[in-house]
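The structure appears right after this line, and notes come after that.
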Amino acid sequence: MQIQQQLAPFIWYQSGAEDAVAHYLKVFGADQGRITHTQRWGENAPGAAGTVMLLNFELLGLQMTAFNGGPHFKLNEAFSLTVAAKDQAEIDHLWEQLPAGGGKPQACGWVKDAWGLSWQIIPAAWFDMIRDPDPARVQRVFQAIWTMEKIDLAGLQRAYTG
């Protein structure tokens, strides 16, 4: 794999990195990502010889690494991936599919997947709304999003317009 980004997420999973990556590729669609390299544990290594140690993959154009590192570190909300969804249908799809298999929805557009990785499912329009020069509009948008679990784009637009 040729490195095209100087900065890329390295995600430590206790186990199941290959299942997590397969899930992400299924959720976002095979045309939106791919595995670019699989590295297996060798002899006398922390993992069982021949099992997957790490996967380099691309998702929505972002290069990432998924690592089966064991129980030493746990994923938490201090790190998340933000997805700028194009419309409510995409928000609904990601909200339903990303936590499938044991994850859970959280507040303000966040979901946690079955492996513990947090995702923020935010409409792309929100980024324009919060950059508006009118502080009252921005405040209304934030007040609205803080009351939501899954983001309701129409609700955010109503808050934005007042």
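The values are calculated or read from the model by the stated rules, or taken from the named source; none is laboratory data. Being a predicted model, the structure only gives us computed values, none of them experimental. For neighbour counting, all protein chains shown are included, and Cβ atoms are generated from backbone atoms with ideal geometry for every residue, glycine included. Ligands, DNA and RNA are stripped out before the accessible areas are found, and what is left, the full protein with its side chains, is counted by its heavy atoms. Shrake-Rupley method; radii C 1.70, N 1.55, O 1.52, S 1.80 Å.
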Normalised by the number of residues in the chain, what is the relative contact order in percent for Cα pairs under 8 Å and 6+ residues apart?
19
Before I look further, what does the range 84-162 give for accessible area per residue, probe 1.4 Å, in whole square angstrom?
51
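Quick one: compute the contact order of the range 30-70, relative version, from alpha carbon pairs under 8 angstrom and 6+ residues apart, as a percent.
Working: 69 pairs, mean separation 14.9, N = 41.
Rounded, it is 36 percent for the range 30-70.
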Range of Cα positions in the range 7-99 per principal axis (Å), largest first:
49, 28, 25
Kirkwood Rh, angstrom, the chain [1 / mean 1/r, Cα pairs]:
17.2
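What's the carbon and sulfur percent of the chain's accessible surface, probe 1.4 angstrom, rounded to a whole number? Before the final figure, lay out each step's value.
On the way: 4730 of 9000 Å².
Result for the chain: 53 percent of the exposed heavy-atom area is carbon or sulfur.
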Computed over the chain: longest principal axis from alpha-carbon atoms vs helix 135-145 long axis, angle to nearest 10 degrees, is 60
Which residues qualify? For ALA85, with a placed amide H closer than 5 Å and at least 5 residues away or on another chain, they are ILE122, ALA124
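Order the peptides 18-26, 149-157, 39-47 from the highest to the lowest mean number of other Cβ atoms within 10 Å of their residues. Working shown, then result.
On the way: 18-26: 18.4, 149-157: 16.9, 39-47: 11.3.
Averaged packing, sorted descending, gives the order 18-26, 149-157, 39-47.
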The range 61-142: C-alpha gyration tensor shape, a/c 1.5 cut-off, then a/b vs b/c:
prolate
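Over the range 1-80, what is the relative contact order in whole percent, taking alpha-carbon pairs under 8 Å and six or more residues apart? Spell out each step's value before the answer.
On the way: 130 pairs, mean separation 31.1, N = 80.
It comes to 39 percent, rounded to a whole number.
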What does the accessible area of PHE142 come to, in Å² to the nearest 10, when a probe of 1.4 Å is used?
60
